[in-house]
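Data block below; observations after.
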Amino acid sequence: MVISPSSYWTGPLPEATPPADMAMYRLPTGTYTTRAVFAVTGGSVRDKRDFAATAVLISHPKGDLLIDAGFGAHVAEHIKMLARMERAPYQLGRTAAQQLDAAGYDRSRLLGVLVTHVHWDHVSGLDSLPRVPVWINEAELRYGADDSHGTVFRAVSQGLELREYTFDGPEYLGFPASFDFYGDGSVIVALAAGHTSGSVVVFVTLPTGKRYAFIGDLTWQMDGISRGAQRPWLMRRVADVDAKTVRAGLQRSIALSRVLQVVPAHDVAAYDSIPLLPSRFPSVTL
């Protein structure tokens, strides 16, 4: 089934006041390969897609934040924890922790890792970030504790501080509830649900005015935005807890795609406009 939105977003964008020295960087940690026929409705069995496992670093004067963690040092062990049908050939690059260390980054700046959801390819890298808190909402914490797809999360989060946030803010760009991470509108976490019980979209507004929506797995590839193509029926049955809610979230994301940059978590090219970490990360006193 292909989504055809009746109209694009025409309302005003919410006000945000990101600090002038806020910045954002991508930390690609590897990829795994999936045939397009399993990734998106209408995909070809001959078309192989490299799925990104990428973390995003928000540098903010109040403290820094990682969105997702990518692959960890023990990703091979994590993949063995998956059901056989979920395993795929993969390529491991440098973990987020290795990239931060290579850039001379002071990890004491990290307020934590905000997970869009707890599936293995978003949390594997927590194994390389000891003493870094994990930011998660109650519904996703329950999902991670109980669902079979939370096996890797349960393993990598042992001993880590879990900081639970609540959606105490209003509807945000069509999503039903929100959490303003810094209190300045620069990073808004909006409840999406559907893919997992507490999966989220992370909206980021930079000082330049450029806006991003990190939509997690509402769709795996940009085809979901450009063509309105959902996951194939079987994958919706396997991967989503509520396909109808995912469809609504995808429709909202399509509607926003003309006014901000939508980033599906596993589309490699969707991250191209975000710079890599500099070779020497600037020293900042918080």
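Every number in this text was worked out from the coordinates using simple rules, so none of it is lab data. Because the structure is a prediction, the values reported are computed rather than measured. Heads up, the Cβs are rebuilt from the backbone with ideal geometry, glycines too, and the neighbour counts pull from every protein chain shown.
Rounded to the nearest 5, what % of DSSP beta bridges with both residues in the chain are antiparallel?
70 percent
Once amide H atoms are built 1.01 Å from N in the peptide plane, which residues 5 or more positions from Q261, or in another chain, come under 5 Å H to H?
It is R211, Y212, A213, by chain and number.
Once phi is turned into ³J(HN,Hα) by the Karplus curve 6.51 cos²θ - 1.76 cosθ + 1.60 with θ = phi - 60°, what whole-Hz value does each residue of segment 176-181 show in order, with x for glycine and proline?
x, 7, 8, 9, 8, 5
Long-range amide H contacts for Y182: which residues qualify at under 5 Å (H placed 1.01 Å from N, peptide plane, sequence gap of 5 or more or a different chain)?
Placed amide hydrogens put V187 under 5 Å from Y182.
So if I take the centroid of the Cα atoms in segment 217-286 and the same for segment 1-80, what is the distance between those two points in Å?
Computed from Cα coordinates, the inter-centre distance equals 5 Å.
Determine, for W9, W135, W233, the number of other Cβ atoms within 10 Å of each Cβ, and report the residues in order from fewest to most.
By the 10 Å Cβ count, ascending, the order reads W233, W9, W135.
Could you sort the peptides 144-150, 173-179, 195-201 by per-residue average Cβ neighbour count (10 Å cutoff), highest mean leading?
195-201, 173-179, 144-150
Rounded, prolate or oblate, given the Cα gyration tensor of the chain, with a/c below 1.5 counting as rounded?
Rounded.
Can you tally the net charge around A102? Count Lys and Arg as +1, Asp and Glu as -1, for every other residue whose Cβ sits under 14 Å from the Cβ of A102.
Residues near A102 contribute +1 overall.
In terms of modelled amide H atoms, which long-range or inter-chain residues lie less than 5 Å from the amide H of A177?
For A177, the qualifying residues are Y172, L191.
In a solvent-free Debye calculation with one equal scatterer on each Cα, what is log10 I(q)/I(0) for segment 119-177 at q = 0.13, 0.16, 0.17, 0.22 Å⁻¹, listed in the order of the q values?
For the requested q values the scattering log ratios are -0.39, -0.56, -0.62, -0.89.
Mind giving me the FRET efficiency for R154 and E15? R0 is 45 Å, r the Cβ-Cβ distance, nearest 0.05 is fine.
According to the calculation, E is roughly 0.70.
7 Å from Cα along Cα→Cβ at both E161 and L206: what's the point-to-point distance in nm?
With each label point 7 Å from Cα toward Cβ, the separation is 3.0 nm.
Could you give the length gained on full extension between D146 and E86, defined as 0.36 nm per residue of separation minus the Cα-Cα distance, in nm?
19.7 nm
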